[in-house]
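I have placed the structure first, in the form of structure tokens, so that the comments after it can refer back to it.
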Amino acid sequence: IGMPLRSEISNLNKESSRNSARASFGLDANKQTLLVFGGSQGASSINKAIVGSLQELESSNIQILHAIGSKNSVDESGKKFDFYHPVSYIDKMELAYAAADLVISRAGAMTIAEQTVLAMPAIYIPFASGNGEQSQNVAELVKDGGGVLISDAVLSPVVLVRQIKELLANSAKLVEISQAAGRHGLRDADKKVAQSALALANAYK
């Protein structure tokens, strides 16, 4: 039935919220926006790759909202780029999603659930741990064209820049990925769980 999501996510209208969402982060309303995050603790490999990409991305007329993780500090080398907006933590992810044209993230179950419900074009970089659960989480989605996969083992600024530029320069491709991602999104899981629980409880009255 899917993953129960906050209504602020599942009911989000990205298009109507975009300008106000960008304004809430101090972003330019008219620039393509890349959202980067690695979960609440951040992801050091993603953080390093993004900061290492800034020089090459500076001329691309984009802006980057980057949640670096509450335990991480901003890399000093990134401070000279005015299109780069690092924050420790994003409290209202619905606004970050509304602001974004493209997302770079890990591939946790909750992240995938949110991004498919919102039909977000995304580059997934699964956390290489355990038995590769995050890679398994996103395998079917990527196979169906609903996201792009970069393994943590090959992640580098060069690889990341190439993929970011290719996607943001191709609006038709972004739409194609968005539509495929949306086909995997499962809404109303919270209601279905509640209804199932109530039905079970009523059966034993």
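The values are calculated or read from the model by the stated rules, or taken from the named source; none is laboratory data. It should be emphasised that the depicted structure is a prediction, and the values quoted were computed from it without experimental measurement. Cβ coordinates were reconstructed from backbone atoms using ideal geometry, including for glycine residues, and neighbour counts include every protein chain displayed. Please note that ligands, DNA and RNA were not included when accessible areas were found on the heavy atoms of the full protein model with its side chains. Shrake-Rupley method; radii C 1.70, N 1.55, O 1.52, S 1.80 Å.
Return the total of residues in the range 1-29 being open to solvent by 40 Å² or more (accessible area, probe 1.4 Å) and outside any loop (DSSP other than H, G, I, E, B).
Residues flagged as open to solvent by 40 Å² or more (accessible area, probe 1.4 Å) and outside any loop (DSSP other than H, G, I, E, B) within the range 1-29 amount to 9.
What number of residues in the range 111-155 are surrounded by fewer than 14 Cβ atoms within 10 Å (Cβ to Cβ) and either within 16 Å of the chain's Cα centre (by Cα) or among the β-branched types (Val, Ile, Thr) (or both)?
Number of matching residues: 2.
Please specify each residue of the range 56-90 satisfying the condition of being free of Cβ contacts under 8 Å to residues at least 24 places away in the same chain, farther than 15 Å from Leu34 by Cα and not in a loop (DSSP other than H, G, I, E, B).
First, pick out the residues of the range 56-90 that are free of Cβ contacts under 8 Å to residues at least 24 places away in the same chain: 59, 73-74, 76, 79-80, 82, 86, 88.
Right, trim to farther than 15 Å from Leu34 by Cα and you get 73-74, 76, 79-80, 88.
Answer for the range 56-90, where residues must be free of Cβ contacts under 8 Å to residues at least 24 places away in the same chain, farther than 15 Å from Leu34 by Cα and not in a loop (DSSP other than H, G, I, E, B): just Glu76.
Quick one: Glu8 ticks every box in (1) out of contact with any Lys or Arg (no Cβ under 9 Å at 6 or more places or on another chain); (2) at pLDDT 95 or above bar one, so which box is it?
Going through (1) out of contact with any Lys or Arg (no Cβ under 9 Å at 6 or more places or on another chain); (2) at pLDDT 95 or above one by one, Glu8 breaks only (1).
Every residue in the range 156-205 that is more than 20 Å from the chain's Cα centre (by Cα) and not in a helix (DSSP H, G or I), please.
Residues satisfying the conditions are Asp188, Tyr204, Lys205.
One residue is enough: does the range 31-41 have a residue meeting the conditions touching a residue at least 40 places away in the same chain (Cβ under 8 Å), β-branched (Val, Ile, Thr) and over 16 Å from Val103 (Cα atoms)? Break it down into steps so the answer makes sense when it comes.
Here is the first cut: in the range 31-41, the residues touching a residue at least 40 places away in the same chain (Cβ under 8 Å) are 31-40.
Those left that are additionally β-branched (Val, Ile, Thr): 33, 36.
If we keep only those that are over 16 Å from Val103 (Cα atoms) as well, we get none.
There is no residue in the range 31-41 that is touching a residue at least 40 places away in the same chain (Cβ under 8 Å), β-branched (Val, Ile, Thr) and over 16 Å from Val103 (Cα atoms).
Of the numbered conditions (1) open to solvent by 50 Å² or more (accessible area, probe 1.4 Å); (2) modelled with pLDDT under 95; (3) at negative phi; (4) of a type outside the set (S, T, N, Q), Asp188 satisfies every one except a single condition; which is it?
Looking at each condition in turn, Asp188 falls short on (3).
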